[in-house]
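Working notes for the structure below.
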Amino acid sequence: MKSERPLTLRRDCEAVMIPSGERITLRAGSSAWLTQSLGTGFTVMTDRGYMVRIDGRDADAIGLEPPAQSWREGDEERRDAATVEKRVWEQLRSCFDPEIPVNIVDLGLIYRCSVAPGPEGCRVEVRFTLTARGCGMGQFLKQDIESKLSRIPGVAEVDVELVWDPPWNQSMISPSARQQLGIV
């Protein structure tokens, strides 16, 4: 979903600048153009030329509905490791780089994902990277991953870490994402 006409902010709204990760406040009455609405947030271009991410909880500020969650706590009662792992991968596929309309799994940003059963529930460990070392969105993506995984029934502990080895490159993108992005 993209907007051809500007959206007018209905109230002040916190946003995160892309790619620096700097937090800013967008003021009520200012204009923004929607460029991406994937995952749990919105990427917009402000009237000052900044690309920013607005959290889905602030959808009303730009006159939109919050994004639907791909999965909700309590939908299923099964909490075994295999079911938890399936849900973990579903949640990872609902996380998006704010600049690229492809989920972080298909972008090849997930280097490791393990689910280990324990007495209180499963321990989930995720190691991920970014497309560029200088990108300031690492902590934002880490928080997004942690938040989504910790809400899964049967998950007792979540350990998410941003890593840089090996360095990411375009060969890590899945074939379907390569096609979607027009990369030969």
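What the table below lists for this structure:
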{"read-out": "Filter result for the condition that a residue is touching a helix residue (DSSP H, G or I) at 6+ places or on another chain (Cβ under 7 Å) and modelled with pLDDT of 95 or more, over 109, 149", "value": "149"}
{"read-out": "Per-region count, segment 82-135, residues touching a residue at least 40 places away in the same chain (Cβ under 8 Å) and open to solvent by 30 Å² or more (accessible area, probe 1.4 Å)", "value": "8"}
{"read-out": "Set 10, 48, 79: member being on the phi < 0 side of the Ramachandran plot, in a loop (DSSP other than H, G, I, E, B) and modelled with pLDDT of 95 or more", "value": "10"}
{"read-out": "Segment 100-139: number of residues that are over 22 Å from residue 169 (Cα atoms) and outside any strand (DSSP E or B)", "value": "5"}
{"read-out": "Matching residues, segment 10-34, being open to solvent by less than 50 Å² (accessible area, probe 1.4 Å) and of a type outside the set (A, V, I, L, M, F, W, C)", "value": "21, 30, 31"}
{"read-out": "Qualifying positions in segment 86-141 - under 21 Å from residue 178 (Cα atoms) and of a type in the set (Gly, Ala, Ser)", "value": "94, 108, 132"}
{"read-out": "Unmet requirement for residue 180, which otherwise passes all of (1) touching a Pro at 6+ places or on another chain (Cβ under 9 Å); (2) in a loop (DSSP other than H, G, I, E, B); (3) open to solvent by 60 Å² or more (accessible area, probe 1.4 Å)", "value": "(2)"}
{"read-out": "Residue in segment 168-178 that is under 15 Å from residue 114 (Cα atoms), among the hydrophobic types (A, V, I, L, M, F, W, C) and touching a residue at least 40 places away in the same chain (Cβ under 8 Å) present", "value": "no"}
{"read-out": "Meets criteria (at pLDDT 95 or above, open to solvent by 30 Å² or more (accessible area, probe 1.4 Å) and either hydroxyl-bearing (Ser, Thr, Tyr) or in a loop (DSSP other than H, G, I, E, B) (or both)) for residue 5", "value": "no"}
{"read-out": "Segment 136-177: number of residues that are open to solvent by 30 Å² or more (accessible area, probe 1.4 Å) and basic (Lys, Arg)", "value": "2"}
{"read-out": "Pairs, first over 19 Å from residue 40 (Cβ atoms) in segment 6-21, second assigned to a strand (DSSP E or B) and open to solvent by 60 Å² or more (accessible area, probe 1.4 Å), C-beta under 7 Å, six or more apart", "value": "6/33"}
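The values are calculated or read from the model by the stated rules, or taken from the named source; none is laboratory data. What you are looking at is a predicted structure, and each value in this text was computed from that prediction instead of being measured. Glycine gets a Cβ as well: all are built from the backbone with ideal geometry, and neighbour counts include every protein chain shown. Quick note on the areas: whole protein, heavy atoms, side chains included, nothing else; ligands and nucleic acids left out. Shrake-Rupley method; radii C 1.70, N 1.55, O 1.52, S 1.80 Å.
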